[in-house]
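Notes to accompany the following structure.
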Amino acid sequence: MSAVLKLVQPQQFSEQVQVDLDSASRHAHSLQGALSYLSLWQPTVVRHLVERFSAKGETVLDVHCSAGSTGVDVLALGRHFIGCSSEHALVKLARARVNPADLAEVVLRLQFMNLKRPVDIRGYQAPWPFYFDVDTYCELMNVKSAMRSTNDRVDEFIAFVVAGILHGHTVGHLSGYTSPQVALAPEAQAALNRKRGEVPSYRAVSPRIIKKAASILRDGIPSSLLDRGLERSVLFAEPNNLAGVGTAKAHLALLSPDQPGAVEHGLRSWLRSWWLGVDLPAAPSPAATVEAWQEGLSEQLLETARVVRRGGRAIVRVGQGRIGAKAVSYREQLSAVLRACMPSYWHLEGTIVEHYAKGSGVIKAGPERVKDTAAELVVLRRK
């Protein structure tokens, strides 16, 4: 009997996919370059996964959608998109990214904003002088005021554009010299200003918005992003409680669960949260033990099993990290979760190994895995 079972049991596949972070921008749509941060899902990888494991007109769910970069690729390939995030700022950014306005709409909207309207500068006190010139601050407040009473797609896209230039280290940004990835704490920014012997200079807001929008839209807006027949939604949801996603709604789900000891994506900016009018959430508490991480992942996989239809797939991105002083292979921990908790829901179909290399493409893996592994994409099929 065991011999018969071995014959009918499908063999797991193993492949490699090459990613080159230096050339990622050449393969990505210009909408992907709106924000400065490390994206876990490289565009070439996303496109390969979506084309291989879903068909046009099907629904792709990104359980940890961050600022929505995967949504651009999913929609461009003619699939419906659902993104989920547990941070309100990221939900706003992702919604604007998958519903872009064109440059003419941005310019026209700015023309109807009076950025020189008098502003009560009593609000211009610490910490704002550490980041913005007083006139820049007043113009930003006027943009915020003009958009406050609207729920308009163009205004949401302008807010998205400003989020990408709100702080950084070039004259194209609105702040004085600082990090483009994360907003420094006021004390750290004040110390940096003193070290450099400078104060923030005036940065005209409107022309910088237009220039950034033109850069973001230089590849045009893909026709599929303008197709209202393709559904796109971004929901505020915890990965273990996707209440807004219907049962058996998705054909393909992408998961990139938090991994203690992994590199931060660089989107937790208190200045961006202020700009978008949301509270910066408390920093997530990393799992203190391997068992705690396994428990959290099992909850996510169980909820994902509810929203993925039978025969559909989930792809879990895992890598190496640390819990405390202990090095952890999250691929091994995922396997343990599948064996212990998920045999009724998921079948392990195969693994695609991401590794850093020049160029891009998919090649068959040999018996030994490369040493420059970026992550492993574990492909699960819904039973």
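Packing around the peptides 200-212, 303-315, taken as the average count of other Cβ atoms within 10 Å per residue, puts them in this order, highest first: 303-315, 200-212.
Fully extending the segment from GLU105 to SER206, taken as 0.36 nm per residue of separation minus the present Cα-Cα distance, adds 35.0 nm. Across the chain, the mean sequence separation of Cα contacts (distance under 8 Å, 6 or more residues apart), normalised by length, yields a relative contact order of 24 percent. For the chain, the longest principal axis of the alpha carbon atoms and the long axis of helix 153-165 meet at an angle near 90°.
Across segment 103-216, the relative contact order, built from alpha-carbon pairs under 8 Å that are at least six residues apart, equals 32 percent. For the peptides 327-338, 161-172, 77-88, residues were scored by their other Cβ atoms within 10 Å and the scores averaged per peptide; the highest-first order is 77-88, 161-172, 327-338.
Packing-based ranking of 118-125, 91-98 yields 91-98, 118-125, ordered from highest to lowest mean Cβ neighbour count within 10 Å. Helix 134-148 and the long axis of the chain differ in direction by around 60°, with both axes built from C-alpha atoms. Mean-square fluctuations from a GNM of the chain, with a 10 angstrom spring cutoff on Cα atoms, peak among PHE53, PHE130, PHE13 at PHE13. The calculated 222 nm mean residue ellipticity attributable to helices in the chain amounts to -11000 deg cm²/dmol, summing -39500 (n - 2.57) over DSSP H runs of n ≥ 4 and dividing by all residues. Going by a ≥ b ≥ c, the root eigenvalues of the Cα gyration tensor, does segment 206-269 fall in the rounded group (a/c under 1.5), the prolate group (a/b larger than b/c) or the oblate group? The shape class here is oblate.
All of the numbers you see were taken from the coordinates with simple rules; none came from a lab. Treat the numbers as computed from the prediction; the structure is a model and nothing was measured. Cβ: placed from backbone, ideal geometry, glycine included. Neighbour counts: every protein chain shown.
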